[in-house]
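The values are calculated or read from the model by the stated rules, or taken from the named source; none is laboratory data. Keep in mind that this is a model prediction, so the values were computed, not measured. Don't worry about glycine lacking a Cβ; one is built from the backbone with ideal geometry, like all the others, and counts go over all protein chains shown.
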Amino acid sequence: MDYAELSRVLRRLALEAGDLIMEVYGRDDFDVRAKSDDSPVTEADEAADRLISAGLRAAFPDIALVTEEQAASHSVTATTFLIVDPLDGTKEFIHRRGDFTVNIALVEEGRPTRGVVYAPAKSRMFWTDAEGRTVEELGPFDKDRVGETRPLSVTTPDNGALTVVASKSHRDQATDDYIAKYAVADFTSAGSSLKFCLVAAGEADLYPRLGRTMEWDTAAGQAVLAGAGGQVVRFDDHSPLGYAKSGFENPFFIAYAPGVELKAAG
């Protein structure tokens, strides 16, 4: 794998998809329909998926591709594959809250190793370089030339008091009960895979997710966090969160900076 070329292609496709998404986002109205699992999908999801999928298949024809919006890809059994959520946080998009992202990642032998998370409405972009280290590109964004970047690294919580980030759309009592096990100095909420990125950037220390997610929801964010020194583990036994699972469904998980002493699930 030419990781430099991979980073270049993932970054460019994320920016191009972001332009399509923002064109739809800027309209007074756009089409929304329900998928078979009752989750919403918009024309922005589908347009971004077409663009990213075509770009990845052209650039990396020998690597399997899994994408949320193409049900046929959900039968892929490879352990190394590209995985895409063209518009993560569709509910945030529909309600015009801005916390939606383009997610593209490479999974190698069941582990996300490279990825890009782009939040076009917030002008924030996080990606892994050829060596797998995570940077935030500060913009303005040029599709053909990387602008100013800053390397990201997780931080150690001050005096054991944590900044916790949780979902805007999926917060529940079980999550609150688990967070209550910790000394919390500050709490922030964010949508989509931005929560991983806030931990990677040192803006949060802990992100527990006690709800249903799929691998395309998390792979790019996990790659970004890993490249900044963070970890993602299963909620139940704190073993690493792996990929290429049957059906691509995740268990509950915890994303965190290694300075955090994890509490037991029970």
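Among the residues of the range 90-114, those that are at pLDDT 95 or above and on the phi > 0 side of the Ramachandran plot comprise Glu109, Gly110. Here Arg57 meets each of (1) at pLDDT 95 or above; (2) under 19 Å from the mean Cα position of the chain (by Cα); (3) basic (Lys, Arg) with one exception, condition (2).
How about the range 76-102: which of its residues are of a type in the set (Gly, Ala, Ser) and within 25 Å of Asp2 (Cβ to Cβ)? First the steps, then the outcome.
Here is the first cut: in the range 76-102, the ones of a type in the set (Gly, Ala, Ser) are 78, 89, 98.
Once the filter is applied, which keeps residues that are of a type in the set (Gly, Ala, Ser) and within 25 Å of Asp2 (Cβ to Cβ), the range 76-102 yields only Ala78.
Is it the case that the range 182-192 has a residue that's assigned to a helix (DSSP H, G or I) and either surrounded by fewer than 15 Cβ atoms within 10 Å (Cβ to Cβ) or of a type outside the set (Val, Ile, Thr) (or both)? Among the residues of the range 182-192, not one is assigned to a helix (DSSP H, G or I) and either surrounded by fewer than 15 Cβ atoms within 10 Å (Cβ to Cβ) or of a type outside the set (Val, Ile, Thr) (or both), which makes the answer no.
Within 13 Å of the chain's Cα centre (by Cα), of a type in the set (S, T, N, Q) and closer than 30 Å to Thr42 by Cβ: does that describe Thr128? In short, yes. When Ala201 is tested against (1) in contact with a Lys or Arg (Cβ under 8 Å, 6 or more places away or on another chain); (2) farther than 21 Å from Phe248 by Cβ, exactly one condition is not met: (1). Scan the range 207-217 for residues that are under 22 Å from Ala264 (Cβ atoms) and outside any loop (DSSP other than H, G, I, E, B) and jot them down. Matches in the range 207-217: Tyr207, Pro208, Arg209, Thr213.
Among the residues here, Thr175 qualifies as of a type in the set (S, T, N, Q) and in a helix (DSSP H, G or I). The set of residues from the range 218-256 being part of a loop (DSSP other than H, G, I, E, B), within 20 Å of Ala183 (Cα to Cα) and out of contact with any Lys or Arg (no Cβ under 9 Å at 6 or more places or on another chain) comprises Gly230, His238. Here the range 227-266 is the region considered, the condition is being among the small types (Gly, Ala, Ser) and surrounded by 23 or more Cβ atoms within 10 Å (Cβ to Cβ), and the residue that is farthest from the chain's Cα centre (by Cα) is Ala257.
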